[in-house]
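Here is the structure we will look at, set down as structure tokens.
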Amino acid sequence: MESLLQDVRYGIRSLLKSRRFTIAAVLTLGLGIGVNTAMFSVIHSVLLKPWPFKDPARVLVVSQRQANGNNNLFSTQDFLDWKQQGGLLAQMGAHVNWQFNLSSAGDLPERVPGGKVSYDVLPVLGVQPMLGRLFSAQEDKAGSSNFVVLSYVLWKNHYKANPHIIGTPILLDGAPYTVAGVMPAGFDMPGGKELLWTPLQLRPNTGIGASPNVHWLGGYVRLPVGVSLEQARAELDAIAARLHRDNTTGDMGFRIYLQTFDDAFTSGARPALLMLMGCVGLVLLIACSNVANLLLARGTARRREMALRTALGASPSRVVRQLLTESVLLALVGGALGIAVAFLALRAMLAIHPPTVPRIEEVSIDSGVLAYSLLISIAVGLLFGMAPAIEAARVDVNDGLRERGSSAGQGFGGHRSLLVITETALACILLIGTGLALKGLWSLRSVELGFVPGKVLTLRVAAPSRFTGQSIPEFYRQVVERVQAVPGVESAAVARDLPMGGIDPSMPIAVEGKNPVPVQGEIVTRYRAVGEDYFRTLQIPMLQGRAFHQGDTANTPAVAIVSESLARKYWPGENPVGKRLKPDFQGSSWCTVVGVAGDVRHWAADVDIEPTAYYPYTQIPDTIRPLLEANMGIAVRSSLGEGALLPSIRAAVADVDKNVPVYEVETMDSKVTDSQSLRRFDLWLLGMFSGLALGLAAIGVYAVMAYSVSQRTREIGIRIAMGARSQQVLSLILLQGARLALAGVIAGIVGALLLTHIMASLLYGLGATDPLIFSIVPLSILLVILLACYLPAHRATKVDPMVALRYE
């Protein structure tokens, strides 16, 4: 221990003595370790951090695996039938996202996100309330009293952390609900922020519950101790097979599918985050290469010192230990700087983070991240310090004890050449990946969305809960009528969900005279409920037939409009107008196709088009009305800006009902931009890491070239004294750097080709071996590296032969 402390003290003195070297190394390592720490903090919170439940690895997400191979929600009847099978499913809980109008005395109602849950969901998750209690089985029955459980955030912010709130009533959708409990801090249902929960109170024979094909519920189940996921899946497959034998016409034959929380909620973000973690790993390797090069150069200057220590009896292992101690000290100081860099990088990441990345709002630099930073600093210190330490331990004592060892013609040296090639190759790989992703994102600008987003403002409203039946569409009709009367509004339309947001249900359809068969991985048909001016407001082209009009009411024959892809699928080469289709749910009727609309990319420019059927919201059957018309989106086309338009729209809605809030206000242009937020986030980080990698590589090459020129000063002076021109000296140095840069670029191209399957996740509309990117990027890197070589090469042409000949 005493000898280790001695090494530490000596290392500190040595590093303080070489301040320029120490500052350069610490800054380089701080950048490399900082971006790694920041990226790991994201990985830790999103992918590695345990879910805030009891034994979360045993809580599984339940869904239905449909005949086309997609996972889907399940129906009321599915849920009740599954629970009756006993065993694993007996304790399954159901949950659905919901929104409520929360009223406070003297204030306008506020629209808040929440959920409806069966009484056994929260016990399945293993979470107990901080105050009060959870729901009872009796309170979850249809017709029971209204109770609510609040989140900690809502209790603290809206109710000022009132400790006596249990048992008091609050107003939700105009009805009183008694507060039963308050959940602990940090608890949230997975998949989205929810501020309160009410009992689900399923009604199996009325409304949504009457239709076995309306899939709207998600579920959770706790895996018993000693039962594996594979065993549970096998048990549920057997149950599904038995149910199918009992009812071959229903959807009971579909598999009951189990997923872990990580697979269900983070699998979409996992590939991109892991790829970005790999990118910052490459940046750290480049930083290590730079510092290793600096240590090799410093080691040459310390050859006499190392030779003297060896001559006095120091063993090679003792020399290696001393130099590794210095390297680890450097890395630890760089790690401390890296934590400060990580804080700044995290602030930038969180400022642009996409909402589709789960739990990213929980990202922070906690004790786990600090432990990672410490470990990575020690590992990095050993990594970049090993080669210089071993080289120093092999010093020739006789040569080292001379006044100056001969250095002429040493050039880069084998280790330094390999490091330059490595960091150039790594930078090339990252920049090619960034170039491919950037071109892919740019190509999305030319993708036809199927509608015109410009000059469209979107918002949502919800019909008051006192309305039922046909009074619900009548409420929305009045709202749209008032909004259309606002000065400056060209048109307005209502829809259950507008493009670039919302999940309209998918369901099979019956086609008169045909028997559609589900295709693996294909959306069956989207059910979109829209108003009469929907296609005009969003400027979706009508290819055949007509749009909806005021005459399409609940008292007239049911009609539908089909998308071009749906028409092509079921009526290829025919005119679909006049054909009939029927959505497959309880209470639906045969609908006559009155028009064909152009295809719309509902989710994003890079998401496949889905076959879609549109129906007038005025003709929605009562069996599905509570699911589709609980709240509706409104699109308003106007040349006025949001600031000038929104107050008038709020006033128009208030004319219908002053207690109805307007929420989720956003322009359609911003919704289109947000649809690419995850891709832009990935590209922004990838570009930042690539630029950092190229900068570090250029600095590394410059440092090594400057060192090489200083070591060859005598040689260069002799060449100039013998008549060599400045251009010849310049070419000599540039050619030396160009060879290494070219070798690094070639290695980078090969590496990028090997990693194209990873890059493919960021690409759209081009191949992962796009020749333009694979040409421009390597040439650009060569130019940057040659510029880094030019500065010391130009300085070499200014060497004074008389000074150089006296150099040694």
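Observations on the structure shown:
- Within the option set 79, 53, being in a helix (DSSP H, G or I), open to solvent by less than 40 Å² (accessible area, probe 1.4 Å) and under 16 Å from residue 117 (Cβ atoms) holds for one residue only, 79.
- For region 696-736, the set of residues classified as over 18 Å from residue 796 (Cβ atoms) and either modelled with pLDDT under 75 or open to solvent by less than 30 Å² (accessible area, probe 1.4 Å) (or both) consists of 696, 697, 698, 700, listed by residue number.
- Test: residue in region 628-638 that is assigned to a strand (DSSP E or B), open to solvent by 60 Å² or more (accessible area, probe 1.4 Å) and closer than 22 Å to residue 96 by Cα: no
- Across region 592-614, the qualifying residues are those that are open to solvent by less than 10 Å² (accessible area, probe 1.4 Å) and modelled with pLDDT of 90 or more, and the one among them that is nearest to the chain's Cα centre (by Cα) is 612.
- Residues in region 613-627 that are outside any loop (DSSP other than H, G, I, E, B) and in contact with an Asp or Glu (Cβ under 8 Å, 6 or more places away or on another chain): 4 in all.
- Taking the criterion of being hydrophobic (A, V, I, L, M, F, W, C) and within 32 Å of the chain's Cα centre (by Cα), the residues of region 201-216 that qualify are 214, 216.
- For region 255-299, a residue qualifies if it is assigned to a strand (DSSP E or B) and modelled with pLDDT under 80, and exactly one does: 255.
- The set of residues from region 159-200 being over 30 Å from the mean Cα position of the chain (by Cα) and on the phi > 0 side of the Ramachandran plot comprises 160, 161, 167, 173, 174.
- Residue within region 783-802 that is assigned to a helix (DSSP H, G or I), out of contact with any strand residue (DSSP E or B) (no Cβ under 6 Å at 6 or more places or on another chain), modelled with pLDDT under 75 and over 27 Å from residue 694 (Cα atoms) present: yes
- Residue match in region 59-82 (condition: at pLDDT 85 or above and among the charged types (D, E, K, R)): no
- Hits in region 223-254 (condition: acidic (Asp, Glu) and at pLDDT 75 or above): 230, 235, 237
- From the options 739, 680, residue that is free of Cβ contacts under 8 Å to residues at least 12 places away in the same chain and either surrounded by fewer than 20 Cβ atoms within 10 Å (Cβ to Cβ) or over 30 Å from residue 342 (Cβ atoms) (or both): 739
- Counting only strands (runs of 3 or more DSSP E) that sit completely within region 173-222, those holding 1 or more residues that are free of Cβ contacts under 8 Å to residues at least 60 places away in the same chain correspond to 175-182.
- Exactly one residue among 88, 47 is out of contact with any Ser or Thr (no Cβ under 8 Å at 6 or more places or on another chain) and of a type in the set (A, V, I, L, M), and that residue is 88.
- Strands (runs of 3 or more DSSP E) contained entirely in region 501-554, each with at least 3 residues that are modelled with pLDDT of 90 or more and surrounded by 17 or more Cβ atoms within 10 Å (Cβ to Cβ): 526-530
- Within region 142-153, residues that are touching a residue at least 40 places away in the same chain (Cβ under 8 Å) sit with their Cβ atoms under 8 Å from residues that are of a type in the set (Lys, Arg), at 6+ positions apart or across chains, in these pairs: 142/203.
- If you check 512, 481, 490, 448 for being more than 26 Å from residue 667 (Cα to Cα) and acidic (Asp, Glu), only one passes: 512.
- Identity of the residue in region 434-467, part of a helix (DSSP H, G or I) and open to solvent by less than 10 Å² (accessible area, probe 1.4 Å), that ends up nearest to residue 642 (Cα to Cα): 440
- Filtered residues of region 124-165 (kept if under 13 Å from residue 187 (Cβ atoms), in contact with a strand residue (DSSP E or B) (Cβ under 9 Å, 6 or more places away or on another chain) and open to solvent by less than 70 Å² (accessible area, probe 1.4 Å)): 125, 126, 129, 131, 134, 149, 150, 151, 152, 154, 155
The values are calculated or read from the model by the stated rules, or taken from the named source; none is laboratory data. Computed from a predicted model, the values in this text were never measured in an experiment. Note: ideal-geometry Cβ built from the backbone for every residue, glycine included; neighbour counts use all protein chains shown. Heads up: the accessible areas ignore ligands, DNA and RNA and are worked out on the full protein's heavy atoms, side chains in. Shrake-Rupley method; radii C 1.70, N 1.55, O 1.52, S 1.80 Å.
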